[in-house]
Amino acid sequence: MDPFARLRRPVGEKLTPPAEALAQRLAERVVELVVSALDVNALLDRVDVDALLDRVDVDALLDRVDVDRLLARVDIDDLLARIDVDEVLAKTDLGVVIARSSGGVASNALDVVRSQAVGLDEFIARWARRIRRRKYPGPTAPAVTQGSLQGHYAGFASRFVAYVVDAGVTTGVFMLALAAASFAMSVVTGRSINWTRNDTWAGFGYLAWLFIYFAYSWAASGKTFGMALLGVRVVRSDGTDAGARRALVRTLALPLSFLVFGLGFLGVLLGSRRRALHDLIAGTVVIYSWDARAARLRFLSRASPPSPRGSDGASGLEQRGRSR
């Protein structure tokens with residue numbers, strides 16, 4: 001039996017923890033000295049990353065990946081169950097997205113139609129000035145928006161196309177009303193009714209419908225459906241709203257402009273304020289109500305490459321508006 005065993009045990013228990021702590025501190029100090037002695041930047045500069053990547057066989061690495069096994073470990077049902085579809089739809093607001101996309105297409109188409117009509121207006125106005133053999137400043141109404149077509153007197157092409165659209169709309173709606181009335185009469189009386197151009201009541205009904213359509217549209221907003229499509233509007237000579245009284249007078253005087261082969265519309269071609277005979281009688285003018293500058297900005301926002309601009313930095317449409 002070792003007589004010093006009891007003595008060595010307490011001594012060993014007392015010396016072991018300090019020795020381990022000393023060894024750990026020495027190791028940490030050695031690591032710090034090695035790291036501080038190394039120039040990491042210089043070491044990284046000596047690493048040829050391109051050569052290292054060239055030695056990597058990407059095809060072999062991908063061949064070792066079992067894609068089917070990875071996909072088999074994905075629980076699609078659990079993944080879809082965690083998606084709150086209602087919340088996603090609520091945050092997405094698909095209605096706004098659809099409205100913006102469809103509205104963008106519609107506004108782009110309207111801008112194209114209106115700009116083409118303005119181009120025809122200018123072409124006709126140039127030839128009209130040559131016929132008169134005199135020059136005058138571009139016609140502008142009392143309230144003109146700088147750099148835009150708003151407030152400029154509308155030309156012949158825009159007004160003519162607007163009237164053609166209105167004629168089509170009024171005729172189409174009236175024909176649908178006659179068809180509905182004929183169907184209702186056939187259901188009630190059992191006899192079918194065929195309307196013709198020689199029917200007096202149909203003719204009176206058509207004239208009454210035209211009067212209501214134009215008078216109400218000009219009194220309510222100053223523009224019919226066709227005029228809203230082409231971006232033109234009826235106002236007083238001073239630029240204020242036409243009002244109900246002038247709208248009624250203008251509607252009643254409209255047929256007079258068609259008399260004698262439409263001579264009442266010569267003022268739109270040759271007049272400085274582009275007023276037809278019914279405009280003179282009612283004290284009204286027709287102006288552009290759409291903003292050419294905003295249309296140009298919408299076009300530039302949708303186009304990826306910038307569109308060519310004039311020498312002064314303004315777009316062709318803006319120059320066109322200022323020249324008027």
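Each value in this text was obtained by applying a stated rule to the coordinates, not by laboratory testing. This structure is a prediction, so every number in the text was calculated from the model and none was measured. Here the Cβ positions follow ideal geometry from the backbone for every residue, glycine too, while neighbour counts run over all protein chains shown.
Take peptides 116-128, 177-189 and line them up by average Cβ neighbours within 10 Å, highest first, as a rough protection proxy.
116-128, 177-189
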Calculate, axis by axis, the spread of Cα positions in the stretch 242-290 along the three principal axes, and write the results as whole Å, longest axis first.
-> 29, 25, 16
Provide the gained length on full extension for the span Asp78 to Phe123, in nm with one decimal, where the gain is 0.36 nm per separating residue minus the Cα-Cα distance.
-> 9.5 nm
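How much length is gained if the chain between Asp50 and Ala294 is pulled fully straight, taking 0.36 nm per residue apart and subtracting their Cα-Cα distance, in nm to one decimal? Write down the numbers at each step before the final one.
Working: separation 244, 0.36 × 244 = 87.84 nm, distance 5.22 nm.
So the extension gain works out to 82.6 nm.
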If you line up the Cα atoms of the stretch 170-278 on their principal axes, what length do they span on each, largest first, in Å?
-> 58, 31, 24
Quick one: if you stick a label point 7 Å off each Cα along the C-beta vector at Val31 and Arg130, how many nm between them?
-> 9.2 nm
What spacing in nm lies between the two simple spin-label points modelled at Asp39 and Phe258, each 7 Å away from Cα in the Cβ direction?
-> 9.6 nm
